[in-house]
């Protein structure tokens, strides 16, 4: 688990957890080997002592995880809980140090109270995962000032309003008053953002100038509109009005109370939030001239090489060097190019592959109109793809998610032309569904050839399925239902794209070309990310590599490269994770032969929650041994 600092924390918040009992399981989870109950019932070689020690460890881990949750009121809220509901997290450097120290202390406690060798196989897996996460958080402290506070994927300036709008549920008057208190908390936290930014800048850590401009625009979007000016309601005021009106409609508050709450919201926004956001914008404006106009990778920053090596270790969870990743990417690019050329020939296109890329990239038949009707058509077609594949899931999975999935346009205050489509998890109890968010301000950034692929990656059998199954797991320590490793989740998402073809999707050859384009996208990331951050590539070189090897639209390419520049290493996790999952599947198929069951393999991969690749490999190998009897 990544320590709660800067931009990385924004992602971690969505991986938060809710304490639950460590008992009961369903048949599918048992078949996947995910359930402690199943282990207690009859795992080969287990002793009564191992049974009781594993149960005792699970109880202990749940207690520690509950302590960890109390560090983050926002984390609790993302899970549907209302503990500390009027508070916003402390995002200071000292808070990060305190939390990491707490994590390392729990390792000492656990090792003192439990003998790993006395645990069941499932117990050892939980033990090792807790240690891995705590040690990772402590290691992150060495580079806590290296991460950028804002970038192409966003930052605190857009996460805070999104949190209030999308996660802070208002069911009664007390919840609304907590919302108002949290506006003040956001103001304090944005002051901390300025403090962090100032400290980083003093150490010579600044993102490129384009990131300043984007952050300024996002922050300004938050404080534009009533009550800050005379234009239409700002996003937060509109949200507060809707929530207050819903309480009044339900007769939970009277008219006078509603008016009073709205007045308090207005005061909090103008007297607390606006000054804090204005200070952040002022800081960006004052420091922006010090940032590089020409974007450079982190190799150019103080301690840049060590930081990038750390980022690769973080996002791949494997001992891969920048050269390893770069060469892997180059080989995958060449393999996928050959498959793309086969489709070009099959559809009868007479030009070469680069001309075919240009045809796909520019021909109007492959794009929806940049109108409201075009946007609605994109959303409707996406929902249709997801509904179709949902009918086929039981043939490939024993465990299916209970959580619902919605497809929505990204909120206007954080929408970016060509921005990455993404998934936002729901609550473990299903009270808030998972959401596949789509940037739609520039429809020319999203080809019809790519959209089917993205739907499966973000929805099912991709992120929605993987994350929902993890959150719904029983019989494991609760922290495992919320663990997050990019190489696992994004590797699974990319594996799901190829699996969807195996399931009979991508009937149109152009959409199948789009699937290969998406896979090429991830292969290019290996080359471009390492090129930018370890080999001195310029932003223009990175963009040109995209254009030369894919049909990805220009605005999407520009946004993607900016993403890699401001989030070093993360983009490498997709292809590395996919290839590792494929490797594990081939190994299982080879060893088991006719005994191999695709449903069982998928259930064991998904049945323990997100794992670093070494632990996933051990898990699959244990399953193979179980199948052999």
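Annotations
- Selected residue (criterion: surrounded by the fewest Cβ atoms within 10 Å (Cβ to Cβ)) from residues of the stretch 366-388 that are part of a helix (DSSP H, G or I) and in contact with a helix residue (DSSP H, G or I) (Cβ under 6 Å, 6 or more places away or on another chain): 374
- Some residue of the stretch 248-260 being under 30 Å from residue 181 (Cα atoms), at pLDDT 95 or above and touching a strand residue (DSSP E or B) at 6+ places or on another chain (Cβ under 9 Å): no
- Annotation note: Cβ proximity below 7 Å between a residue of the stretch 92-120 that is at pLDDT below 95 and a residue that is outside any helix (DSSP H, G or I) (sequence gap 6+ or interchain) occurs for 120/43; 120/46.
- The listed residues are 513, 506, and the only one of them that is in a helix (DSSP H, G or I), in contact (Cβ under 8 Å) with a residue 24 or more places away in the chain and farther than 17 Å from residue 295 by Cα turns out to be 513.
- Residue 562 vs. criteria within 29 Å of residue 326 (Cα to Cα) and surrounded by 17 or more Cβ atoms within 10 Å (Cβ to Cβ): yes
- Residue in the stretch 216-238 that is more than 22 Å from the chain's Cα centre (by Cα), assigned to a helix (DSSP H, G or I), free of Cβ contacts under 8 Å to residues at least 60 places away in the same chain and over 30 Å from residue 540 (Cα atoms) present: yes
- Looking across the stretch 63-91, the residues that are surrounded by fewer than 18 Cβ atoms within 10 Å (Cβ to Cβ) and in a helix (DSSP H, G or I) come down to 63, 66, 67.
- Against the test of being surrounded by 17 or more Cβ atoms within 10 Å (Cβ to Cβ) and closer than 25 Å to residue 211 by Cα, the options 247, 273 yield a single qualifying residue, 273.
The values are calculated or read from the model by the stated rules, or taken from the named source; none is laboratory data. Everything numeric in this text was worked out from a predicted model, so none of it was measured. Neighbour counts run over all protein chains shown; Cβ positions are idealised from the backbone, glycine included.
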